[in-house]
Structures are given as C-alpha cells and as structure tokens.
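Trainee: Here you go, one structure.
The values are calculated or read from the model by the stated rules, or taken from the named source; none is laboratory data. A quick note: this is a predicted structure, and the numbers were derived from the prediction, not measured. Here the Cβ positions follow ideal geometry from the backbone for every residue, glycine too, while neighbour counts run over all protein chains shown.
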Protein chains: 2
Amino acid sequence: MIDIDQIFEGNPRIVARAITQVENGGEGAAALMKAVFPKTGRATVIGITGSPGAGKSSLVDKLAFYYKEKGNKVGIVCIDPSSPFSGGAILGDRIRMATLGLDKNIFIRSMATRGNLGGLSRATVDAVAILDAAGYDKVIVETVGVGQDEVEIVKTADVSVVVLVPGMGDDIQAIKAGIMEIGDVFVINKADREGVLRTQKELEALLSLAHRPDMWMPPIIKTIATENKGIEDLDAAIVSYLEFIAGGGESSARRVSIAKWRLTELVRERLLTDLLSRNGTGERLEDLARKIAEKKMDPYSAVEAILSEPPA
Amino acid sequence: MIDIDQIFEGNPRIVARAITQVENGGEGAAALMKAVFPKTGRATVIGITGSPGAGKSSLVDKLAFYYKEKGNKVGIVCIDPSSPFSGGAILGDRIRMATLGLDKNIFIRSMATRGNLGGLSRATVDAVAILDAAGYDKVIVETVGVGQDEVEIVKTADVSVVVLVPGMGDDIQAIKAGIMEIGDVFVINKADREGVLRTQKELEALLSLAHRPDMWMPPIIKTIATENKGIEDLDAAIVSYLEFIAGGGESSARRVSIAKWRLTELVRERLLTDLLSRNGTGERLEDLARKIAEKKMDPYSAVEAILSEPPA
C-alpha cells in the first residue's frame with residue numbers, strides 16, 4: 001500500500017512507486033487516484049510534441065534546468081511509443097534519466113504501455129496528477145511522434161508546444177492540420193541550420209490563415225537547445241499564453257472537454273478490463289482469434305460470441 | 001443499403017461508400033464486414049510508416065504506379081492522425097487523391113476518426129478488408145507518425161516498411177526500439193542527401209544487434225522517391241520477405257496474434273458504443289465531466305457512477 005502523505009510530501013521514491021501503480025492500472029490505481037485528486041490543480045502542465053529528430057529531449061532538458069534554476073521543482077513524463085514493443089524504456093532514456101535524476105528538484109519518468117489493454121493516455125494523465133499533487137511546480141509531458149494518442153495527451157496540458165526543425169519542406173504541409181489545432185506555442189529548434197527562415201515563413205503563413213482576431217496567435221520561438229539558446233524566450237511565450245487563457249472563458253470549456261475525454265478513456269479501459277477479468281474470457285479470446293485467423297469465423301461474429309456470454 | 005456484389009465487382013463508388021460505412025461504425029458496419037470477410041485474404045497488404053518528413057507519400061505514390069504498370073489494381077489507405085482535429089482530409093491529401101484517383105486501377109482513401117470513440121484502427125483494418133474483397137491486388141496502408149495506434153495498424157500488414165531519411169542523427173537512437181520490432185524492410189529515402197552512409201551504418205549496426213540466425217534480416221533499400229529511383233529494389237525486398245515468411249511457421253502465429261488484437265479492439269469499441277447508446281448516457285457523461293472540471297468529483301468515482309447505473 002502506498003502512503004499518500006509521502007506523495008504529498010514529495011518523496012520521489014514513493015512518487016515513482018505511485019506512478020508504477022497507475023501504469024499497472026486496476027483497483028489499486030483507482031483508489032490511489034481518488035486520494036490524489038483533491039490535491040491537484042496547482043502545477044503548470046506543459047506538453048511538448050514534434051516529430052522524431054526535432055530535438056525535443058534536449059529542449060525539455062534545458063527547459064527543466066531553466067525552471068529549476070528559478071527555484072521550481074520540475075517533473076518530466078516521457079511517452080515512448082516504442083516501449084510497447086521493447087518492453088521498457090530505451091537506452092537513451094535511461095542514460096538521460098540517470099543524469100537528470102541526480103538533481104533532487106527534477107523528477108523524470110518514462111511511461112510505457114503494458115500489453116494490449118491500452119491505457120497509456122490514462123496512465124500518463126494520472127502520472128501528471130501525481131506529480132502535481134506531490135508539489136512539482138512544472139510538469140513537462142514529452143511525446144515522440146504525432147500519433148493520435150500522443151496528440152490527445154498533449155491536449156490535456158495547460159499549454160502545448162510543438163517543436164519543428166528547419167528544412168521539413170513538403171512535410172510541414174502534411175502535418176499542418178494537426179499542428180494548427182494543438183500548438184499554443186511553436187518552436188523552431190536547431191535554428192542554426194539552413195532553411196530556418198523558410199520554415200518560419202511557411203509556418204507564419206499557415207498560422208495566419210487559421211487565425212481569428214479574438215483568438216490567441218501562437219508565437220514562433222527559435223531555439224538551439226544543445227547550446228541552451230532561446231529557452232528564456234520559450235518560457236516567456238508559455239507565460240504569455242497562460243496569461244491570455246486565464247483572461248478568457250475558453251479555459252473552462254477546455255477543462256470540461258478534457259475531463260470528458262479522460263472520463264471516456266477511463267470508462268473504455270474499465271469496460272474491457274472488467275470483461276477480460278471474467279473467468280475463461282482470456283482463453284475464449286485466444287480460441288476465437290484462432291478461428292478468425294483460419295477464416296472459420298469473421299471478427300464481428302466473434303465479438304457477438306464474446307459479448308453474448310453471460311458473466312460467469 | 002450497400003450492394004455487396006458491387007463491392008466484389010470492384011465498383012469504386014460502392015467501395016468508397018462501404019469504407020464510409022465502416023468509418024461510421026455501428027450495426028451497418030458489422031453486417032457489411034460479415035458479408036465481406038469470406039472474400040478476403042487474396043491481397044498483399046503493405047504497411048508503410050516513418051516520421052513526418054521522410055517522404056512516405058511520394059514513395060507510396062511511386063510504388064503504387066509501379067504496381068499498376070505491372071498490371072495490378074492498387075488500393076491506398078492513408079491514416080492521418082491530424083484529421084480528428086481538422087475534421088477531414090487535409091489539403092495535400094485531397095490534391096493527391098484527385099491526381100491518383102484519375103487512374104481507375106488505383107483507389108486512394110484517407111481515413112479519419114470520428115470524435116472520441118476511437119475506432120480508427122478498426123476502421124482502417126476493415127477498409128483494407130473491403131479493398132481486398134473488391135479485388136485490389138496490393139493494398140498499401142500509409143501512416144504518418146510513429147504513434148502507438150499507427151504502429152499497431154502497420155503490424156497488421158503482411159509486410160511492414162519503415163521509411164527513414166539521412167541525417168536523423170541522435171533520433172535514430174530514439175526510435176530504434178520500435179523500429180526493430182515492426183520493420184520487415186527499411187527504406188532510406190532521399191538517398192541523394194548528405195549523411196546517407198552514416199544513417200545506413202547506424203541502422204545496420206542496430207539491426208545486426210537484434211538479429212538471430214533463424215530470423216529474417218531486414219534489408220535496407222535506398223530510394224529517391226521524387227526521382228522514381230529504387231522502387232524496383234523496394235518491390236524485390238518486399239517479395240523476398242513474403243517468400244521467407246511463407247516458408248516458415250511464423251506466419252500462422254502472426255495471423256493469430258493479429259486476429260486477437262483486432263478482436264480486442266472490436267470488443268473495446270463495441271462495449272463503449274453499447275454503453276453510450278443507452279438513453280441519457282451522453283448527458284450523464286457531460287454532467288460528470290463538468291463536475292470533474294470543477295474538481296467536485298474525481299474521474300475514477302465518475303466512472304463508477306456511470307457503470308453502476310443499470311441499463312435503461
């Protein structure tokens with residue numbers, strides 16, 4: 001059993017154990033999160049996304065150190081979509097965590113899904129809530145990739161930062177629709193590279209197309225994370241956005257919409273878990289999967305076969 | 001009501017309508033897929049993934065034309081994770097579809113999720129099955145990003161192609177775990193760019209680390225899609241892989257594992273749909289989401305509140 005008070009006191013070992021518990025899901029996670037919930041809502045949650053190669057990890061590290069120097073406690077949650085396949089955090093992450101983890105005011109954790117039940121989004125949002133309740137002032141959620149799950153997670157942050165690099169060429173086109181919607185602040189990292197002006201112009205053009213006068217106009221910040229350049233500008237942009245949002249009614253509608261998404265995710269996970277925890281459902285699923293693979297049954301009829309069985 | 005025979009005859013308008021029906025989900029989709037299922041299993045399904053900027057779209061287009069020239073009918077299904085936010089296919093996609101769609105032996109379709117119910121994976125797999133039943137010889141599934149959903153979808157293909165570009169630097173490290181597992185064939189596209197040799201050496205090193213003597217060794221193909229270079233090599237690598245797999249027992253275990261994943265996805269979607277279709281559940285969800293946003297209730301208690309209500 002996890003000592004909730006130790007979480008509220010910010011004991012990093014207990015915080016880590018609590019996050020493991022929410023990763024595992026189930027009853028224990030639910031009880032824990034009910035206890036943690038009332039203490040949440042104080043941290044600033046910063047979502048950082050972008051494609052592989054954009055240098056997100058360096059940027060996150062530098063931003064975390066920047067906040068720490070200003071006297072903040074910083075939590076970092078990394079979402080690693082490759083982990084479901086490798087079964088754990090990857091090498092680069094482990095090295096990084098060993099380095100950053102030496103600092104007692106920085107907590108870093110890599111999240112992984114467990115098997116096919118999904119629940120990564122839910123576990124990540126729970127981990128952020130635990131860090132929030134544990135007194136971390138800033139919680140940075142870093143995702144690799146632009147997959148749907150990752151985008152959903154970033155949307156639950158107070159502010160979403162999208163990281164680009166110069167020379168994405170045609171592909172700024174390909175990701176523009178998603179970017180438009182989730183980016184509150186844009187970063188062009190590796191801004192010492194060729195093509196930075198072109199990327200900036202393209203991005204500006206896209207952003208102004210979507211802009212309405214009463215809406216926030218996402219700023220574009222240039223950084224060179226590896227040289228620690230532009231980090232202060234990024235912080236200033238984040239602060240401006242949070243001030244803008246605090247002044248309007250958008251904030252409350254956004255919170256309700258996030259809560260609805262989160263609730264739906266939880267219900268979805270719970271329904272499946274409940275079904276699979278019934279005696280024999282696992283074997284039944286295996287058996288039906290074999291029939292589908294052998295083309296003796298179609299998947300939709302298999303679903304009906306599973307759902308028509310009365311609870312044991 | 002969709003005329004199933006028109007699907008089997010490969011009428012593209014009816015095929016398009018059938019895909020819309022599986023996107024919408026529900027009873028209609030289930031009935032349709034039950035009818036389609038027996039005619040599936042003939043097409044070669046090729047999954048192509050990689051990060052934004054890798055030039056996947058060009059590569060897919062060129063590969064599709066290559067197959068067409070060889071006398072095949074080709075279906076292309078694009079998964080666009082940005083669509084949930086923009087509510088539809090993006091501009092670049094529409095232009096591309098207008099161009100490719102002029103050819104009667106190429107069918108191209110962009111998939112989008114509808115709202116929060118998820119089901120993109122399920123709808124995509126269903127769309128592939130429809131194209132298969134409609135007589136398309138090759139079905140190419142193209143995903144942007146390396147998110148978990150996208151990776152799962154690519155895993156259901158007969159062969160998975162991972163597209164990289166030179167100069168990804170540190171980030172080949174960051175995606176290596178995921179790549180190792182899903183890539184049957186690797187492509188280094190934009191192979192006229194600087195750094196191609198380094199990327200190739202890094203990838204070779206990673207692949208040989210994971211390689212076991214009895215396993216397939218993923219080949220690395222260099223392409224310049226925009227100049228139509230390397231497409232034949234890519235096809236040859238795909239064919240080699242399919243021949244290798246056909247000779248072993250791995251194929252059947254893989255089909256069962258895919259069927260299991262697919263069945264679980266269907267059950268998950270169905271459970272949530274059933275719950276939400278009950279009278280009043282939508283309003284109840286909205287109401288509870290508001291309470292969570294106002295911190296009057298925690299999400300886990302809200303789940304219990306929803307699930308404890310008896311079916312109306």
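Trainee: Assess whether A:GLY169 counts as being assigned to a loop (DSSP other than H, G, I, E, B), at pLDDT below 90, farther than 24 Å from A:ILE19 by Cα and facing chain B (nearest Cβ under 10 Å).
Mentor: yes
Trainee: Only one of these is within 14 Å of another protein chain (Cβ to nearest Cβ) and within 30 Å of B:GLU204 (Cβ to Cβ): B:ARG270, B:ARG290, B:ARG278, B:ARG254. Name it.
Mentor: B:ARG254
Conditions (1) surrounded by 14 or more Cβ atoms within 10 Å (Cβ to Cβ); (2) touching a residue at least 40 places away in the same chain (Cβ under 8 Å); (3) aromatic (Phe, Trp, Tyr); (4) part of a helix (DSSP H, G or I), marked per residue:
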site	(1), (2), (3), (4)
B:LYS190	yes, yes, no, no
B:GLU202	yes, no, no, yes
B:TRP216	yes, no, yes, no
B:GLU232	no, yes, no, yes
B:ARG255	yes, no, no, yes
B:GLU265	yes, yes, no, yes
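Trainee: Next question. Testing A:ALA129 on (1) within 13 Å of chain B (Cβ to nearest Cβ); (2) under 28 Å from A:ILE220 (Cα atoms); (3) modelled with pLDDT of 70 or more, one condition comes back false. Which one is that?
Mentor: (2)
Trainee: For region B:1-61, give me every one of the helices (runs of 4 or more DSSP H) that falls completely inside it and has 1 or more residues that are among the basic types (Lys, Arg), modelled with pLDDT of 90 or more and within 20 Å of the chain's Cα centre (by Cα).
Mentor: B:12-24
Trainee: Right, here's the next one. Any residue that is at pLDDT 75 or above, among the β-branched types (Val, Ile, Thr), in contact with a strand residue (DSSP E or B) (Cβ under 8 Å, 6 or more places away or on another chain) and on the phi < 0 side of the Ramachandran plot - is there at least one of those in region B:197-212?
Mentor: yes
Trainee: Then there is this: Which one is nearest to the chain's Cα centre (by Cα), of the residues in region B:267-292 that are among the small types (Gly, Ala, Ser) and surrounded by fewer than 20 Cβ atoms within 10 Å (Cβ to Cβ)?
Mentor: My answer is B:SER277.
Trainee: Going residue by residue through region B:303-310, is there one that turns out to be more than 34 Å from the chain's Cα centre (by Cα), at pLDDT 90 or above and not in a helix (DSSP H, G or I)?
Mentor: Scanning region B:303-310 turns up no residue that is more than 34 Å from the chain's Cα centre (by Cα), at pLDDT 90 or above and not in a helix (DSSP H, G or I).
Trainee: Test B:VAL77 against the stated conditions and say whether it is of a type in the set (Val, Ile, Thr) and part of a helix (DSSP H, G or I).
Mentor: Judged against the criteria, B:VAL77 is not a match.
Trainee: Looking for something more than 27 Å from the chain's Cα centre (by Cα), more than 7 Å from chain B (Cβ to nearest Cβ) and of a type in the set (Ser, Thr, Tyr) - is there at least one such residue anywhere in region A:231-249?
Mentor: No, because not a single residue in region A:231-249 is more than 27 Å from the chain's Cα centre (by Cα), more than 7 Å from chain B (Cβ to nearest Cβ) and of a type in the set (Ser, Thr, Tyr).
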